[in-house]
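Single-structure report; data block below.
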Amino acid sequence: VEAALTEAELEQRVDIYLSETDTLWMLDLPTAVVSTEAEEAVRVLERNKIYVEICNAKIDSEYFEEKMVQTISGATKTKEVQCETITVAEKGMMVTSWDFDSSLDASQTEPTKTEKPTDTAEKSSKSPTAEEHGQAVAVPSARESAVPARSHEEMECHSEAILTSENLKQDLVVMERILMENIFQPKLAVYRQIPVLIEPDVTSDTDREEGEEEEDEEEKKDEKKQEETSIKPSTLSDLNQSPAEAAAPSLEQLWSYRCDLTSGRSVSSMAWNKVNPDLLAVGYREFVSRDQKAGLACCWSLKNPMWPERIFRCEHGVTAVDFSLASPNLLAVGMANGRVAIYDVRSRNDAALLDSSASLNKHTGPVWQLRWVQQDRGATGGDRRETLMCISGDGRMTQWFIQQRLDCFDLMTIKRTQSGKKKLPKEKERKSEAPICQQAAGMCFDFHPEDTDIFLAGTEEGHIHCCSCSGKEQILGTYRGHKGPVYKVAWNPSSTDMFLSCSADWSILLWHRDSHTPLLTFTSVTAFVHDIKWAPKSAFIFAAVNERRVEVWDLSVSIFDPVLSCAASPRGNLSSVLFAKNAECLLLGDSCGQVGVWQLHNLAAPST
């Protein structure tokens with residue numbers, strides 16, 4: 001029976017200590033791998049070292065014996081392999097009388113060491129009567145059998161030397177260009193705006209009488225073909241042309257720059273050479289399942305539209321190209337991994353002359369656009385220097401200088417801006433969330449045609465910043481009008497206070513430099529507008545390309561609809577556009593690696 005506690009005992013303080021019982025391990029599987037930073041790493045390494053020493057010590061020990069155990073071999077299997085049939089080819093060569101003469105001359109000039117024993121053998125076997133009648137032919141037959149073999153080897157070496165000579169390569173290039181000019185002569189004549197040469201038909205009287213009926217049938221077929229070809233421009237322009245509207249603007253394709261190397265790649269940028277207007281640089285890139293494949297930078301010439309004059313292979317996709325004006329042989333190339341390279345088009349070597357891989361300030365995002373810019377060196381204004389400008393997806397606008405290596409400094413850092421949305425009266429305030437990156441990705445830029453200290457920069461946010469090169473990060477103004485990334489901005493070359501911009505929000509905006517709201521908005525189809533270009537000789541005409549169509553706008557005719565809209569790439573999406581410098585032509589690049597040259601017909605007269 002428990003005794004009752006007294007009041008004194010109840011008031012007494014009692015300390016109770018709680019302790020953990022022993023851990024009972026049901027299953028212990030020690031780890032086989034220990035981190036080198038663990039506390040027991042030293043002990044494990046010591047045990048491993050001891051084990052290795054024990055194994056090494058047992059090799060020569062008489063108590064250690066190595067035995068082999070033979071397992072049961074499985075059932076054998078018989079396999080038969082059938083190879084392809086061996087093909088037999090016959091080869092022959094044609095020998096002319098000149099080859100016999102040259103081989104005979106070679107046999108007479110070269111002394112042979114095997115003549116003496118053959119002569120002695122012949123003298124012992126021949127009779128004087130045989131020598132008199134000319135029946136001794138043993139020595140000439142042996143000599144002739146050796147001479148053709150030796151001359152055949154010499155001929156092979158001589159033919160290889162001819163095929164690998166630089167003179168033959170140069171002659172083949174000239175011959176190829178002559179053939180290309182003969183094939184493309186009518187198209188090149190239209191491009192250069194010169195008369196087309198027509199070959200005269202020379203036929204005899206009998207041929208004329210026999211071919212009268214055939215000519216009548218061919219004339220009927222040609223009339224049908226001409227009717228079909230006359231329908232094609234109208235189907236391309238998608239305009240219901242009546243006979244009264246025969247003078248409507250239209251496009252006619254002359255030729256396309258394409259080859260096997262460029263097929264399957266997307267045309268990212270195009271640029272004319274500043275000195276040679278017949279030389280075109282095209283950049284190609286390819287994206288498959290978000291993996292960037294190798295790119296190409298090709299230089300095409302009017303002398304050969306079927307194969308590029310220069311091919312520069314790049315590790316990553318090419319996103320921008322541009323020729324230098326001070327040194328027209330230098331081609332700047334921007335790539336998707338942020339690399340900037342400069343190539344010399346005079347050299348046939350495809351290695352880069354300068355590269356930004358070793359630069360500490362190289363871009364970490366894609367170089368979306370680059371351009372050689374002529375800037376004033378000092379206050380005199382007469383001394384101008386050329387610099388290379390780049391804008392990248394890492395939010396930096398850089399200026400590159402060429403010395404022993406290629407390096408740059410930041411001209412401006414594009415920072416993210418707060419949205420200018422106005423709150424509704426009943427809208428609750430949301431907590432401000434800090435952006436992941438403080439820089440906004442730069443997409444495009446364009447320098448003022450007269451004042452090269454001023455330039456526009458389009459961003460991924462949809463804003464266009466008007467900036468100055470004189471002060472670092474000096475933004476003169478911001479134009480807000482697009483709701484998607486700005487793909488291109490372009491100053492008007494004639495009216496220098498106006499500029500265009502295109503975006504992924506399906507619109508093209510016309511801006512004035514002094515107004516932060518767009519003057520006009522052009523929207524014809526619901527598709528991304530990838531590129532825009534002003535016509536070089538007119539202040540009212542510009543061209544734009546979206547997913548499937550090319551549009552030519554003439555603001556002196558209409559500000560609501562384009563004067564020309566056609567699907568110029570039936571197989572792929574259009575990606576870039578460029579006006580020809582010395583012709584009324586338009587160049588269109590698509591996602592299939594094709595650059596089409598199109599002739600513009602019936603456009604309005606140029607006006608500044």
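How would the range 19-96 be classified by its alpha-carbon gyration tensor: rounded, prolate or oblate, with rounded meaning a/c under 1.5 and the a/b versus b/c comparison settling the rest? Don't skip to the end; give the middle numbers.
Details: a/c = 2.79, a/b = 2.53, b/c = 1.10.
Prolate, because a/c is 1.5 or more and a/b exceeds b/c.
The order of the peptides 169-179, 32-42, 331-341, 494-504 by mean Cβ neighbours within 10 Å, most packed first, is 331-341, 494-504, 169-179, 32-42. Residues in the range 584-596 carry Karplus couplings, in order, of 8, 10, 10, 9, 10, x, 10, 7, 9, x, 10, 10, x Hz; the curve used is 6.51 cos²θ - 1.76 cosθ + 1.60 with θ = phi - 60°, and Gly or Pro positions show x.
Between Gln375 and Thr523, residue separation times 0.36 nm minus the direct Cα-Cα distance comes to 49.7 nm. Using a Förster distance of 41 angstrom, determine the FRET efficiency expected from the C-beta separation of Met306 and Ala326, and round it to 0.05. For Met306 and Ala326, the calculated efficiency is 0.85.
Using 1/(1 + (r/R0)^6) with R0 = 60 angstrom and r between the beta carbons of Gln403 and His158, what's the FRET efficiency to the nearest 0.05? Show your work: numbers first, answer last.
On the way: r = 48 Å, r/R0 = 0.81.
It comes to 0.80.
Could you look at the range 488-573 and say what percent of its accessible area is carbon and sulfur, using a 1.4 Å probe and all protein chains? Result for the range 488-573: 56 percent of the exposed heavy-atom area is carbon or sulfur. Take the range 507-594 with all the other protein chains still there, run a 1.4 Å probe, and you get 38 Å² of accessible area per residue.
Asp60 exposes around 140 Å² of accessible area when a 1.4 Å probe is run over every protein chain in place.
Of the peptides 582-594, 91-103, the ranking by mean beta-carbon count within 10 Å, highest at the top, reads 582-594, 91-103.
Pairs of C-alpha atoms in the range 432-549 farther apart than 22 Å represent 31 percent of all such pairs.
The values are calculated or read from the model by the stated rules, or taken from the named source; none is laboratory data. Just so it is clear, the structure is predicted and the values come from calculations on it, not from any experiment. Methodologically, a virtual Cβ is constructed for each residue, glycine included, from the backbone with ideal geometry; neighbour enumeration extends over all protein chains shown. Protein only, heavy atoms only, side chains kept; ligands, DNA and RNA dropped before computing areas. Shrake-Rupley method; radii C 1.70, N 1.55, O 1.52, S 1.80 Å.
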